[in-house]
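Structure first, then comments.
Rule-based calculations on the coordinates, nothing more; no lab input. Worth saying up front: this structure is predicted, and the values here are computed from it rather than measured. A quick note on method: Cβ atoms are made from the backbone with ideal geometry, for glycine too, and the neighbour counts reach across all protein chains shown.
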Amino acid sequence: MNVHLPELGAIPMKDRLSIVFIEKSRIDVLDGAFVSVRYEARVPHPTTPEPDDDGLRGRTDGEWQEIRTHIPLGGVACLMLEPGTRISHRAVQLAAAVGTLLVWVGEGGVRLYSSGQPGGARSDKLLWQAALALDDALRLKVVRKMYELRFGERPPERRSIEQLRGMEGARVRKMYQLLAQQYRVPWKARDYDVDDWNAGDVPNKCLSAATSCLYGITEAAVLAAGYAPAIGFIHTGKPLSFVYDVADIVKFETVVPVAFRVAAQWHRQARHDSPERTVRLACRDVFRESKILARLIPLIEDVLAAGEIPLPTAAPEQVLPAFYEKGGLGDDGHRR
């Protein structure tokens, strides 16, 4: 009897787990599955040598146990690879095939070193995004829409982008102060050093860890939708300018309150360890509760539509998206 299975396709971004952090592991494809491999001492002892990045240094039979963690890669939007992580060519190939963004970050997820495209930009959408960014009048319309979505009110008329950026900065600083008062957290200012993670205070560490989670899934959404992370409207001149633009719209309703809540717990308990893991778990929960991945791609389309110019017609020879979501917006940046 012939059994006809449905054609396999990538899981839409809105249906995926948001983000997974991996550190001090070797990532490979074993038995067809995406696996994180690390080694732990069976009986921890001060004289037992630490394993290296591959978990092999000083290892003898029975001294170390292999810990394998299977990761459902096709159902994850973004993998954040921290120091001490190695990944095989086959694992990178599989991540690209299923549309999962790989991001190589520094300690705490603060510094971004590199990222792997989970699909590919579309020429028609890139031209549309670039046309909006290069025309001052159209760019201002997009910036005004971002301001309206972020603060729930239309910005004042006859304001330049520089003036709107200044107004936004003042409001953001005030919102930080109000949240610090609400959660009773000592607060001076948003200040951190990307080269020295330990130099920051707990609230700033929490905010950096939380925003890195949001930037990761936002970059995955931008790429999955077929746009360029570098072509921004409020932020400019950075590799992730558009990612910062989009993420800032939802930042204060998602990850910023999480960061202050965790910082308050650390302050009350007078703890001296790092709160990053607690922040990440809390961000993962709020991403799921707010269904942020289902909102990001429509949000991007809504923001760019404020420019009021039509999407360019696709060229006849354009590589078509690998899959569409019937009856609605899909993740149409993925190539065949």
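Could you list, in their original order, any pairs among LYS145/LYS291; LYS24/LYS145; LYS14/LYS141; LYS24/LYS174; LYS205/LYS291; LYS24/LYS251 whose Cα atoms are separated by more than 31 Å? Kindly include the intermediate steps, with their values, before the conclusion.
Values: LYS145/LYS291 22 Å; LYS24/LYS145 42 Å; LYS14/LYS141 27 Å; LYS24/LYS174 39 Å; LYS205/LYS291 25 Å; LYS24/LYS251 29 Å.
LYS24/LYS145; LYS24/LYS174, as the Cα separations exceed 31 Å there.
Could you line up THR313, THR254 from fewest to most neighbouring Cβ atoms inside 10 Å?
Numbers: THR313 9, THR254 20.
Arranged by neighbour count, lowest to highest, THR313, THR254 become THR313, THR254.
Just the projected area, averaged over all directions, of the convex hull on the alpha carbon atoms of region 122-178: how many nm²?
Details: hull surface 19.0 nm².
Spelled out: convex hull of the Cα atoms, projected over all directions, averaged, 4.8 nm².
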Potential lengthening between LYS291 and ARG268 on full extension [0.36 nm per residue; Cα-Cα distance subtracted]
5.2 nm
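How much length, in nm to one decimal, is gained on full extension between ARG184 and ILE67, taken as 0.36 nm per residue of separation minus their Cα-Cα distance? Don't skip to the answer; put the middle values down first.
Numbers: separation 117, 0.36 × 117 = 42.12 nm, distance 4.04 nm.
Between ARG184 and ILE67, full extension yields 38.1 nm more.
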Just rank ILE87, ILE217, fewest to most, by other beta-carbon atoms within 10 angstrom.
ILE87, ILE217
Most exposed to least, judged by fewest other Cβ atoms within 10 Å, LEU311, LEU296, LEU134 sort to LEU134, LEU311, LEU296
Spin-label pair LEU281/THR236, simplified geometry with 7 Å Cα→Cβ offset, distance in nm
4.4 nm
Could you tell me, in Å, what Rg and Dmax come out for the Cα atoms of region 123-305?
17.0, 53
In debye to the nearest 20, how big a dipole does region 123-305 give about its Cα centre with +1 on each Lys and Arg Cβ and -1 on each Asp and Glu Cβ?
600 debye
Pop the C-beta distance of GLU301 and ARG165 into the FRET formula with R0 = 25 Å and round what comes out to the nearest 0.05.
0.60
